[in-house]
Amino acid sequence: MKINLMILKGGMSLEREISLKSFENVIKNIDEQRYNILDIDVKDIDTLINHIKEFNPHIVLNLMHGGIGEDGTIQALLSSIGVKYVGSKALSSGICMDKNLSKTILKANNIPIIDYVYIKKDENPYLYKNEIDELIYPVIVKPNKGGSSIGIKVAKNIDEVFNIIEDIKTLNDDILIEKFINGKEAICSLIQNKDGIRIMSILDINPKSDIFDYSAKYDEDTNIYFSKLPKFLQTMIEEVAKKTFNVLNCEGYANIDFIIKDDDIYVLEVNTIPGLTNKSLLPKAINLSKDTLKDFLNEIIDFAI
């Protein structure tokens, strides 16, 4: 008997187009002999609930990046009506999307993070000038809950910081200001199955720009390859990635972003619904590890069921 698989896509966040492209790549690679598939472009909750009642899915695969798809809203809804779904539960999803909250938890568990300043969108940023200056310029300014590296910029002085903050406020988001570390970025992709958590791969990221922002993330010229870091650093990343996954109570799969400077590693953020477009990091990690997206999808769906 085929599995009734409902795939959620689109949504209304700034990452809508990435979500639709993730769906396009997934539907090209999924095992159609195994599933009855209904895909829903989620525009409102009531319509989604009606589709769920009519289709009666065995499992839901959520490909909505950002917004209600990633902040725990959809996860809480599905849990409340007894529908199984792939990926982290509502609380974990909300924590991971909130960079300030996740960093607070990681720091409390002795997981290395970069020094940062957190400013709420309705606060006066000038009150934080001294704290920002102490980070030493340049600094990274980013939306607290934004995904796909949208809105991330480098600021070389306090005036640039304040200008970027005003831009982020238009996104209706809080602000995170991090110390800039001129190091190597790496992504660790994890998958969870009945046997535990498995590291799929560690990828080194070599963007043309100073930071791995939205443009670099989907730029063909960004070099992405199997990690060439020393073995002891790769081992450290794997251990910290697994600890981070567990501490934040993630499930199913995730990407964890790191930055490495000399022999030190720092967790940047955790992505519980990483992109699955043909240019996204997770499919590249899957391909480089000699696996297939088809097998990956079967594995995360089987674990969730």
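The values are calculated or read from the model by the stated rules, or taken from the named source; none is laboratory data. Here the structure is a predicted model, which means the values were calculated and not measured. Please note: Cβ atoms are built from the backbone with ideal geometry, for glycine as well, and neighbour counts cover all protein chains shown.
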Exercise. Which residues, taken from the range 263-279, are touching a residue at least 60 places away in the same chain (Cβ under 8 Å) and over 12 Å from the mean Cα position of the chain (by Cα)?
Worked result: D264, I265, Y266, V267, T277, N278, K279
Exercise. Restricting to the range 275-291, what's the tally of residues that are more than 12 Å from N25 (Cβ to Cβ) and outside any helix (DSSP H, G or I)?
Worked result: 3
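Filter the range 94-104 for residues that are assigned to a helix (DSSP H, G or I) and either at pLDDT below 95 or out of contact with any Cys (no Cβ under 9 Å at 6 or more places or on another chain) (or both); which is surrounded by the fewest Cβ atoms within 10 Å (Cβ to Cβ)?
As a first pass, look at the range 94-104 and keep what is assigned to a helix (DSSP H, G or I): 94-97, 99-104.
Keeping just the survivors that are either at pLDDT below 95 or out of contact with any Cys (no Cβ under 9 Å at 6 or more places or on another chain) (or both) gives 94-95, 97, 99-101, 103-104.
Working: G94: 20, I95: 22, M97: 25, K99: 23, N100: 17, L101: 16, K103: 22, T104: 14.
Ranking the qualifying residues of the range 94-104, first place goes to T104.
Give the residue, chosen from T244, T235, that is part of a helix (DSSP H, G or I), β-branched (V, I, T) and free of Cβ contacts under 8 Å to residues at least 40 places away in the same chain.
Values: T244 fails: free of Cβ contacts under 8 Å to residues at least 40 places away in the same chain.
The match here is T235.
Considering only the range 67-79, state which residues are outside any helix (DSSP H, G or I) and among the small types (G, A, S). Steps first, please.
Start the filter on the range 67-79 by keeping residues that are outside any helix (DSSP H, G or I), which leaves 71-72.
Answer for the range 67-79, where residues must be outside any helix (DSSP H, G or I) and among the small types (G, A, S): just G72.
Listed here are the residues, each with its yes/no results for (1) touching a Gly at 6+ places or on another chain (Cβ under 7 Å); (2) in a helix (DSSP H, G or I); (3) surrounded by fewer than 21 Cβ atoms within 10 Å (Cβ to Cβ).
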| position | (1), (2), (3) |
| --- | --- |
| M6 | no, no, no |
| I18 | yes, yes, no |
| V26 | no, yes, no |
| K43 | no, no, yes |
| D46 | no, yes, yes |
| I49 | no, yes, yes |
| V60 | no, no, no |
| H65 | yes, no, no |
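Is the range 243-258 home to any residue that is modelled with pLDDT under 95 and buried (at least 20 other Cβ atoms within 10 Å of the Cβ)? Quick ask: steps written out before the conclusion?
Our first condition is that a residue be modelled with pLDDT under 95; within the range 243-258, this holds for none.
No; the residues of the range 243-258 include none that is modelled with pLDDT under 95 and buried (at least 20 other Cβ atoms within 10 Å of the Cβ).
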Exercise. Here are some conditions: (1) of a type in the set (G, A, S); (2) part of a helix (DSSP H, G or I); (3) surrounded by fewer than 21 Cβ atoms within 10 Å (Cβ to Cβ). G82 meets all but one. Which one does it not meet?
Worked result: (2)
